[in-house]
Structures are given as C-alpha cells and as structure tokens.
1. Please report, as a whole percent, how much of the solvent-accessible surface of the chain comes from carbon and sulfur atoms (probe radius 1.4 Å).
2. Report, as a whole number in µm² per second, the diffusion coefficient that Stokes-Einstein gives for the chain at 37 °C and 0.692 mPa s using the Kirkwood radius over alpha carbon pairs.
3. Give the accessible area for ARG21 in Å² (nearest 10); use a 1.4 Å probe, count only protein heavy atoms, and leave out ligands, DNA and RNA.
4. How many nm is it between the label spots at ILE63 and ALA89, if each spot is 7 Å from the Cα in line with the beta carbon?
5. Please turn the phi angles of the stretch 49-66 into ³J(HN,Hα) values with the Karplus equation 6.51 cos²θ - 1.76 cosθ + 1.60 (θ = phi - 60°), one per residue in order, whole Hz, x for glycine and proline.
6. Where in the chain lies the longest segment free of GluC sites (Glu not before Pro) that are both loop residues by DSSP (not H, G, I, E, B) and have at most 14 other Cβ atoms within 10 Å?
Amino acid sequence: TRMAHTIREKTKLIARVRRIRGQVEAVERALASETECTDVLHLIASVRGAVDGLMSEVLEDHILENVVRAANADARAKSAEEFADIVKAYLK
C-alpha cells in the first residue's frame, strides 16, 4: 500500500534519513582513518538505533492506517500479513 498517510510526516522522515546518512558517513570516515574499534562500534550502534527508530515510526503509521483503520476485514488481513512479513525480514 502507498504511504499517503505519511505525507504529513514526510519532511520529518526525510530529515531522519539524512541524519542516518550522516551517521553512516561517520562510520565510513572512522574506518578509513583507522579509528579505535570501540569508537567505531559506538558509531555503528548509533546507526542501528537511528534505523530502528525510523523503522518503528513507519511501522506504527502502517499499523494504524492499514491494519487498525482498514476499510474491511479482507484489507485488514492482507495488511496484517504484509506487516508480519516485514517484521520477519527486519528481524533476520
């Protein structure tokens, strides 16, 4: 399903993605400059946390708009199944 419901949050989501990009670039710079392992690990952990936060926000919108507020039982079941598949893929 399209993410029309997230349009209201589009600017905020894009800003989050840009911050994540900056964090990933910081990891790259740290690796290139042979920064201490512990510092690199902290940078990687911050990237993971940022991605998890983004995923959580988009998943929450998906659940509310496509599962909870689905037009009918068939749409709700389909969205719930899609949601389960996404979560399984994310947790691999």
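1. Working: 4050 of 6870 Å².
That fraction is 59 percent.
2. The calculation lands on 217 µm²/s.
3. Accessible area of ARG21: about 130 Å².
4. 1.9 nm
5. So the Karplus estimates, Gly and Pro as x, are x, 5, 5, 4, x, 5, 4, 4, 5, 5, 5, 4, 4, 4, 4, 5, 7, 9 Hz.
6. Values: sites that count: GLU34, GLU36.
Of all site-free stretches, the longest is 37-92.
The values are calculated or read from the model by the stated rules, or taken from the named source; none is laboratory data. Being a predicted model, the structure only gives us computed values, none of them experimental. So basically every Cβ, Gly included, is an ideal-geometry build from the backbone, and we count neighbours across all protein chains shown. In case anyone asks, the SASA skips ligands and DNA or RNA and just uses the protein heavy atoms, side chains included. Shrake-Rupley method; radii C 1.70, N 1.55, O 1.52, S 1.80 Å.
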